[in-house]
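A short worksheet on the structure shown next.
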């Protein structure tokens, strides 16, 4: 042991240096069984020790002696180690700050951070289990394909969650030792020491980190790491799990194709992994969702998964004892220095990451109607002016047309949303006025000289735009141009119809020559009877429409370069125009056009994969679920927290709720001030105000320090009136519980474990309200603060269960107390559980009662 300042040799246990007099910190790894830190954490045993840190198993007195992991970091460094020490400390603090604001089932939770004897400590959830590295080493038989895919789906879910943060979080060190497998089969990502926040516009990473073999080239000084870097590493991990080929031993930039190493791996899946491991980021998948969709599609092409004869839980080997050496080393360690399915869609704005169709399988005969796909179909509310096209398999191409429509194929597309009509002149002019689009050079149509500048044609299709101008417009709306596969799916449905409306030609259903039209465009939507099964209009006639696709022959394959926007060549237009005949109006017809040549017979429409959610709200999915506490729930509450006497939460009742939107946080003082100043409603007041929450100023606002705190001291009618003023309503208590629990039956919105970093109540919080959204305590749909902070008014009368929405409890005129949900800063832990109910007279207000609003999803 040496002095960190002068390097003098010291006796064991010395607290001061005899030469320079420096006080010596307590070095890491010296805590023993029974040591108590900050009167809360009791050390059980050390798990591992590194050069500048250590990890211990401990218990948390405040959480019922629950096990936790204590991560220790030394406060000083030895001479000559300044750079390494500063990096380590920076990574330690960065890991704490990153994890503290995250809440996901596949991430360990940060519980606390503190200093003790000059060393820094991070308290984290104890992740029981072993790493995937240990899991592989403990097996002699190959891992079942289904097991690996289950792990992969969990990893893509949590990595997509990280990438969706603002700013995005890039993990950067995905490898088997950093992935924990819990005994119940759940995955947990550990060691965020080298994770980083993505910075737009930065050309390269300032610090080079990563694990050789798993890290992509850009992590070694060849560019900036982004979400595609994690896609590369994940593909390497999955490849190794399936084949046991160690990435570090590869002789080229990518390992051999997986199916060449193990015949049980489907060739289509092997190609997907190979593309995801491309050394060039632009050649990989452009989002985790794209990657996962590609994997799903590759598996759908296989009649049965090889080796996958039972479900995941059965294929797992019996859990082995925890291997904490692996976890500890992963927590302490600091890293050493495709199948192009949807490339088209990843090169646009970072927040636009939709998915395209995979390779189309040729069919020798015109296909019959297709059975439903096994891939789950997710449909949310369509954005304004758009319609949902449900995901599934479909027909593309035709043997009855020209050679460029052949061969006929089948494909799969996830759910997407398409403009109901072509983009109008008025919509395009608005984009020009916002200086996000460029004006057309030619402002005329076939018969009108002032088409673009005449208000009479505002609702006519925008024409005379190049392919790039159309693409730019869609990007400005956070959308994109459709691929020709998406366009044809929208036009032909799932039954491969000839025309958007069916298989019989009818000139009265489209703007076509000979139907009384003087050879020019008509207002969009003029032929409602020519709609597709989903209601999309004008997919035949009026104007040709740009697609994103290059003119390449069938079979359609999004990976062959046709969806690369920077590739030169003609682009495909679809839909025909007003001078077409029955043959050219077929939905399978495809024409090539020069992308740089605007024409007065070509328009466009846009698509997106993102369904609509109003700003500041979350989409809460509908479904069949069980409301209230079952006998098993109540027994669980008693076992974990000794809660009893919760009879008002039973009997549990199976119910159905439709989808709705819910405010992400409680209504703030600032938002409520806008309401009372617009309506002259009284300022919230309460004579009982022990912590200064009723500080409304003469101008009917609150001090800026309280502006983002939830409004309190509002009656039920105050809350209801505010929501109506916003065009919303109060949620029913069924809707509130649905948002808090989803399809899971956890005690709190985030899980079963009470957590001081996630909950503001009497036991954990600061003794007053906190700004909304401060704590990363998201429920299953991302909604925040559904436990603690303030009780929340619901629409419902307080009537005993079973819950029946039509028994009068949801009538706004009913007499009696109304239901409060969620607990508050003033109340104990039991008040904050997801099935908890409280009642309050609607004419009363209190310092711990607020609200949030709901909104119906438009049909």
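The values are calculated or read from the model by the stated rules, or taken from the named source; none is laboratory data. Bear in mind the structure is a predicted one, so any value in this text is a computation, not a measurement. Cβ coordinates were reconstructed from backbone atoms using ideal geometry, including for glycine residues, and neighbour counts include every protein chain displayed.
Couple of notes before you dig in:
- Lone qualifier among 442, 453, 419 - being touching a strand residue (DSSP E or B) at 6+ places or on another chain (Cβ under 7 Å) and at pLDDT 90 or above: 419
- If you check 794, 835 for being closer than 21 Å to residue 652 by Cβ, within 34 Å of the chain's Cα centre (by Cα) and outside any loop (DSSP other than H, G, I, E, B), only one passes: 794.
- Yes/no for residue 86 being exposed (fewer than 14 other Cβ atoms within 10 Å of the Cβ), in the same structural domain as residue 108 (by TED's automatic domain parsing) and either at pLDDT 80 or above or part of a helix (DSSP H, G or I) (or both): yes
- Scanning the range 390-407 for residues that are in contact with a strand residue (DSSP E or B) (Cβ under 8 Å, 6 or more places away or on another chain) and either part of a loop (DSSP other than H, G, I, E, B) or crowded, with 24+ Cβ neighbours inside 10 Å (or both) yields a total of 8.
- Residues considered: 771, 703. Of these, the only one that is within 22 Å of residue 671 (Cβ to Cβ) and out of contact with any strand residue (DSSP E or B) (no Cβ under 9 Å at 6 or more places or on another chain) is 703.
- All conditions in (1) surrounded by fewer than 20 Cβ atoms within 10 Å (Cβ to Cβ); (2) closer than 27 Å to residue 420 by Cβ hold for residue 541, with the sole exception of (1).
- Test result for residue 650, more than 32 Å from the chain's Cα centre (by Cα) and modelled with pLDDT under 90: no
- Residue within the range 743-762 that is over 29 Å from the mean Cα position of the chain (by Cα) and either in a helix (DSSP H, G or I) or assigned by TED's automatic domain parsing to the domain that holds residue 652 (or both) present: yes
- Top-ranked residue of the range 604-622 - restricted to ones that are part of a strand (DSSP E or B) and in contact with a helix residue (DSSP H, G or I) (Cβ under 8 Å, 6 or more places away or on another chain), ranked as surrounded by the most Cβ atoms within 10 Å (Cβ to Cβ): 620
- Test: residue in the range 210-221 that is in contact with a helix residue (DSSP H, G or I) (Cβ under 6 Å, 6 or more places away or on another chain), at pLDDT 75 or above and under 18 Å from residue 109 (Cα atoms): no
- Counted residues, the range 512-526 - those being crowded, with 23+ Cβ neighbours inside 10 Å and modelled with pLDDT of 90 or more: 2
- Those residues of the range 398-416 which are at pLDDT 90 or above and within 29 Å of the chain's Cα centre (by Cα), in sequence order: 416
Table: residues versus (1) in contact with a helix residue (DSSP H, G or I) (Cβ under 7 Å, 6 or more places away or on another chain); (2) within 30 Å of residue 566 (Cα to Cα).
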position: 470; (1), (2): no, yes
position: 490; (1), (2): no, yes
position: 498; (1), (2): no, no
position: 522; (1), (2): no, no
position: 530; (1), (2): yes, no
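- Hits in the range 63-79 (condition: within 34 Å of the chain's Cα centre (by Cα) and modelled with pLDDT under 80): 63, 64, 73
- Taking (1) touching a strand residue (DSSP E or B) at 6+ places or on another chain (Cβ under 6 Å); (2) surrounded by fewer than 19 Cβ atoms within 10 Å (Cβ to Cβ); (3) under 30 Å from residue 648 (Cα atoms) in turn, residue 635 satisfies each apart from (1).
- Matching residues in the range 463-482 - criterion: being modelled with pLDDT under 95 and in a loop (DSSP other than H, G, I, E, B): 477, 478, 479
- Residue 810 being over 20 Å from residue 615 (Cα atoms), in contact with a strand residue (DSSP E or B) (Cβ under 8 Å, 6 or more places away or on another chain) and in a loop (DSSP other than H, G, I, E, B): yes
- Qualifying positions in the range 621-632 - in contact with a strand residue (DSSP E or B) (Cβ under 9 Å, 6 or more places away or on another chain) and at pLDDT 90 or above: 625, 626, 627, 628
- Criterion: surrounded by 17 or more Cβ atoms within 10 Å (Cβ to Cβ), assigned to a loop (DSSP other than H, G, I, E, B) and over 25 Å from the mean Cα position of the chain (by Cα) - qualifying residue of 573, 589: 589
- Only a single item in (1) over 30 Å from residue 468 (Cβ atoms); (2) in a loop (DSSP other than H, G, I, E, B); (3) touching a strand residue (DSSP E or B) at 6+ places or on another chain (Cβ under 8 Å) is not met by residue 643, and it is number (3).
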